[in-house]
Amino acid sequence: MENLSVETKEAQPMTGRMQAYESFRQQILEARLRPGQFVSQRHLMEILHLPLGAVREVIPRLEAARLLVTVPKRGLQIAQVDFKLIRNAFQIRQMIEKEAVTNFVDVVTDDELERLETSHRDILARALAPTPDKLLDRDTQQVDWGMHDRMVDCLGNEILSEIYRVNSLHVRLIKIDAELVRPMRIVPAMEEHLAFIAALKTRDKNAAASLIGQHVENSRKRVLEGLL
């Protein structure tokens, strides 16, 4: 699967806190930590494969990002999914992605758009197959979020990219709770992405902005359908 991340100027060594945060992030991406789940510091040490010091250092960052909350006498709790979180997370997506689209139309190359289109058509074909393969969920997330992350990163604003990445983890938790990664959910998402890519290929900013806005709103509605 092609990596769609933007290149960094130079790889920086990771501190213990950075490594703990990335490990925590990966646990959410792989649905090993679930919304509302209680965990102890010792449990975090075990699943993150890190010493207690690194875990203790990262807890304030996770709390500040509202990914984790300390509950007196009960321990640490992964963020719970509620309607307020859904509203806030998707509102942030709308704001950032609509801004990112107007820039992405200008900077994305024709070759990259062809690669994006090919990867999306591959996921769509696999989702429509009589028996979807076991790696479909993982590959769908890589293609889906790879495009969104790439678009935001092209703004060249590291602060905004970090805000978007943290918000993306909230969205992942929401989708885990709604059990949305299923073939019948993947198909409309990929079709919406392909329509968006088609607008990018014609360099139509208005159409691209409208389509990405509608896609985010449709994603929100699919989440609500999964929760109700």
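Structural remarks
- Our summary gives the chain a relative contact order of 26 percent, counting only alpha carbon pairs under 8 angstrom and 6 or more residues apart.
- Per residue, the convex hull around the alpha carbon atoms of segment 84-127 comes to 77 Å³.
- Here is the tail figure for the chain: Cα pairs spaced more than 21 Å apart come to 59 percent of all pairs.
- A Cα-only calculation for segment 54-115 places Rg and Dmax at 18.2, 56 Å.
- Protein accessible area in the chain, 1.4 Å probe - carbon and sulfur %: 52 percent
- Among 54, 208, 20, the largest mean-square fluctuation in a Gaussian network model of the chain, built with springs joining Cα atoms closer than 10 Å, belongs to 54.
- When restricted to Cα atoms, segment 106-207 yields an Rg and a Dmax of 14.4, 43 Å, respectively.
- With eigenvalues of the C-alpha gyration tensor scaled by 5 and rooted, segment 9-133, Å: 33, 20, 18
- Helical segments meeting 15 Å axial Cα length and Kyte-Doolittle -0.5 threshold in the chain (DSSP H): 52-64, 83-107, 158-178, 183-201, 205-227
- Gaussian network model of the chain, springs between alpha carbon atoms under 10 Å - residue of 120, 49, 193 with greatest fluctuation: 49
- Tail weight of P(r) past 19 Å, computed on alpha-carbon pairs of segment 84-163, percent: 49 percent
- Å² of accessible area per residue within the chain, as computed with a 1.4 Å probe and no ligands counted: 54 Å²
The values are calculated or read from the model by the stated rules, or taken from the named source; none is laboratory data. Just so you know, these numbers come straight off a predicted model, no measurement behind them. We work out accessible area using only protein heavy atoms, side chains counted, and drop any ligands, DNA or RNA first. Shrake-Rupley method; radii C 1.70, N 1.55, O 1.52, S 1.80 Å.
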